[in-house]
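Chemist: Here's a structure for you.
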Amino acid sequence: MKPAPMQVTWIGYPNSTGLPSIDYRFTDDIVDPIETTQTFVEELVRIPNCFLCYTPYVHAPDVSPLPALSAGRCVTFGSFNNLAKMTPRVFKLWARCMKAVPQSRLLIKAKPFKCEKMCNHIYRVMEQEGIVQERIDLLPLAVQTEDHLSSYSFMDISLDTFPYAGTTTTCESLYMGVPCLTLKGGGHAHNVGVTLMTQLGLQDSFVAESEDDYVAKAVAAAQDLEWLSTIRSTLREKVLESKLCDAPGHVQELEKIYLQLWKRFAESNGYKNASNGSSSSTSSHLDLE
C-alpha cells in the first residue's frame with residue numbers, strides 16, 4: 001500500500017519504520033553519521049546542520065543566575081527527561097558524577113514523582129549507588145509550561161539520558177541557559193544530544209565519548225563555576241542565533257531536498273521535463289549544495 005509515489009519519514013520516531021513503502025528518512029550527519037551501523041529500510045537523506053528545528057516557548061521566563069553561585073558553590077546536576085529513559089545504568093553513571101563532585105546534588109523532575117512510592121524507589125536506587133537521599137530532589141509534573149521552565153533555575157548542569165537521549169527536553173534546557181552533558185552512542189536516539197550540542201559549538205565540553213569521559217566532563221564543568229555562569233548568561237542568545245532556531249532556513253533546505261528527490265523519482269520513471277539541471281546523486285548522502 002503506497003498512497004503517494006514517493007514517501008518520506010522524519011522526526012518523531014528515532015528508528016526505521018521497517019516499511020518498504022517508505023522511501024527516505026531525513027536525518028543529519030551527526031545523529032546518523034555515514035558510518036552508522038543502525039539498520040534502516042529507508043534511504044537516509046542528511047539535512048545540512050541539524051535534522052530538527054526548535055521553536056522556543058514565547059512566554060518562557062528569563063534565564064536565572066547560576067544557582068551554585070548562591071548555594072555555597074554547591075553544584076546541582078539534573079534531568080527533566082521522561083523517567084522511562086532513566087535506566088539503572090544511567091543512575092549508576094549519574095551517581096559516579098555525584099561522587100566525583102562532593103556536595104553536589106541531583107534534581108529530577110518527572111510526572112511519576114507525585115507518587116511517594118516512586119520517589120522512594122528512586123531514593124533506594126541511588127542509595128544502592130552510594131548517594132544518600134538528602135542529596136536528591138524529586139519534583140512532580142509542573143502543569144504550566146512557565147513553571148516547568150522556571151524549574152531550570154535550580155539546575156546548573158543538565159545530565160542527558162542514554163541510550164535514549166532527550167530532544168525537546170534538551171532544547172528547553174539549553175534555552176533556559178543550562179548546558180547538557182550528553183554521551184555519544186551508536187544510534188540515532190543516542191546521538192540527538194550530540195547534534196544539538198554541536199550546533200552550539202559546545203561539543204568539546206559537553207559531548208562525552210565514553211562513560212569515563214562523561215564523569216570527567218561533569219567534574220570539569222562543576223569545577224569552573226565562573227565559566228559555567230558565562231555559558232548560562234549567553235546560551236539563550238546563542239540558541240536563538242543558531243541554525244537550531246532558523247525555521248525559514250530549515251524549511252528552505254527541506255524544500256530543496258524535496259525538489260531533488262522528486263526530480264530523481266521523475267527522471268527514473270521517464271517523466272518528461274522532470275529536471276532543469278543535473279539529476280541528483282543516487283548516493284544515500286545527497287549533494288545538497
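Chemist: What is the percent carbon and sulfur in the accessible area of region 167-281, measuring with a 1.4 Å probe over the protein chains and ignoring ligands?
Modeler: The nonpolar share, carbon plus sulfur, comes to 47 percent.
Chemist: Separate question: Cut-off under 18 Å on the C-alpha distance; same-chain residues fewer than 8 positions from Lys2 excluded. Which aspartates and glutamates are left, in chain and number order?
Modeler: Asp23, Glu42, Glu43
Chemist: Another question, if that's okay. Along the positive direction of the dipole of region 202-273 (beta-carbon charges: Lys, Arg +1; Asp, Glu -1; about the Cα centre), which of Leu228, His250, Gly270 reaches farthest?
Modeler: Ranked along the dipole, the leading option is Gly270.
Chemist: Determine the per residue accessible area of the chain with all protein chains present and a 1.4 angstrom probe, expressed in square angstrom.
Modeler: For the chain, the solvent-accessible area averages 49 Å² per residue.
Chemist: Just subtract the alpha-carbon distance of Tyr123 and Glu209 from 0.36 nm times their residue separation and send over the number in nm, one decimal.
Modeler: Contour length minus the Cα-Cα distance gives 28.1 nm.
Chemist: In cubic angstrom, how much convex hull volume per residue do the alpha carbon atoms of region 48-152 span?
Modeler: Convex hull volume per residue, Cα atoms: 146 Å³.
Chemist: Give, in nm to one decimal, the length gained when the segment between Ala247 and Leu141 is fully stretched (0.36 nm per residue of separation minus the Cα-Cα distance).
Modeler: Extending this stretch completely gives an extra 35.2 nm.
Chemist: Which value in deg cm²/dmol, rounded to the nearest 500, describes the helix-derived mean residue ellipticity at 222 nm for the chain, given -39,500 (n - 2.57) per DSSP H run of n ≥ 4 and division by the residue count?
Modeler: Taking each H run of at least 4 residues, the total per residue is -11500 deg cm²/dmol.
Chemist: May I pose another question? Accessible area of Asp62, 1.4 Å probe, to the nearest 10 Å²?
Modeler: Number for this one is 130 Å².
Chemist: So for each of 115-123, 83-91 I average, over its residues, the number of other beta carbons within 10 Å; can you give me the resulting order with the highest mean first?
Modeler: The most tightly packed comes first, giving 83-91, 115-123.
Chemist: Now for a separate question. Step through the residues of region 90-105 one at a time and calculate ³J(HN,Hα) from phi using the Karplus curve (6.51 cos²θ - 1.76 cosθ + 1.60, θ = phi - 60°), rounding each to whole Hz and writing x for Gly and Pro.
Modeler: My calculation for region 90-105 gives 5, 4, 4, 5, 4, 5, 4, 4, 5, 5, 6, 10, x, 6, 5, 10 Hz in order.
Chemist: Once Rh for region 156-217 is found with the Kirkwood sum over Cα pairs, what is the Stokes-Einstein diffusion coefficient at 4 °C and 1.567 mPa s, in µm²/s?
Modeler: 117 µm²/s
Chemist: Lys243: which lysines have alpha carbons under 29 Å from its alpha carbon, excluding same-chain residues fewer than 8 sequence positions away?
Modeler: By straight Cα distance, Lys243 reaches Lys85, Lys109, Lys184, Lys217, Lys256, Lys263.
Chemist: For region 73-216, what number results from the quotient of the Cα radius of gyration and 2.2 N^0.38 Å?
Modeler: Working it through for region 73-216, the quotient is 0.97.
Chemist: Could you point to the residue in Ala142, Ile11, Thr161 farthest towards the positive end of the chain's charge dipole, with +1 and -1 charges on the Cβ of Lys/Arg and Asp/Glu respectively?
Modeler: Ala142
Chemist: So, R0 is 35 Å and r is the distance between the beta-carbons of Tyr57 and Glu35; what FRET efficiency does that work out to, to 0.05? Show your work: numbers first, answer last.
Modeler: Numbers: r = 36 Å, r/R0 = 1.03.
After rounding to 0.05, the efficiency reads 0.45.
Chemist: Also, quick follow-up: Tell me, in nm to one decimal, what length is gained between Ser150 and Thr87 on full extension, where the rule is 0.36 nm per residue of separation less the Cα-Cα distance?
Modeler: 20.1 nm
Chemist: Largest first and to the nearest Å, give the Cα extent of the chain along each principal axis.
Modeler: So the extents along the principal axes, rounded to whole Å, are 71, 36, 35.
Chemist: What figure in square angstrom, to the nearest 10, would you give for the accessible area of Glu42 with a 1.4 Å probe?
Modeler: Here the residue's solvent-accessible area equals roughly 10 Å².
Chemist: Give me the percent of DSSP beta bridges within the chain that run antiparallel, rounded to the nearest 5.
Modeler: Values: 0 of 20 bridges.
Looking only at bridges with both residues in the chain, the antiparallel portion is about 0 percent.
Chemist: Further question on the same structure: Got a sec to turn the phi values of region 33-39 into Karplus ³J(HN,Hα) couplings, 6.51 cos²θ - 1.76 cosθ + 1.60 with θ = phi - 60°, whole Hz, x for Gly and Pro?
Modeler: x, 4, 8, 4, 9, 5, 8
Chemist: Tell me the accessible surface of Asp224 in square angstrom (1.4 angstrom probe, heavy atoms of protein chains only), to the nearest ten.
Modeler: Result for Asp224: roughly 60 Å² accessible.
Chemist: What is the magnitude of the charge dipole of the chain about its Cα centre, with +1 placed on the Cβ of each Lys and Arg, -1 on the Cβ of each Asp and Glu, and no other charges, expressed in debye to the nearest 20?
Modeler: Details: 26 positive and 33 negative charges, 147 e Å.
Dipole of the chain, to the nearest 20 debye: 700 debye.
Chemist: Something else: For region 1-99, just list the percent of Cα-Cα distances falling in each 10 Å bin from zero outward, please.
Modeler: 11, 25, 28, 23, 10, 3, 0
The values are calculated or read from the model by the stated rules, or taken from the named source; none is laboratory data. All values derive from a computational prediction rather than experimental measurement. Methodologically, a virtual Cβ is constructed for each residue, glycine included, from the backbone with ideal geometry; neighbour enumeration extends over all protein chains shown. When the accessible area is computed, the model is the full protein with side chains, heavy atoms only, and any ligands, DNA or RNA have been set aside. Shrake-Rupley method; radii C 1.70, N 1.55, O 1.52, S 1.80 Å.
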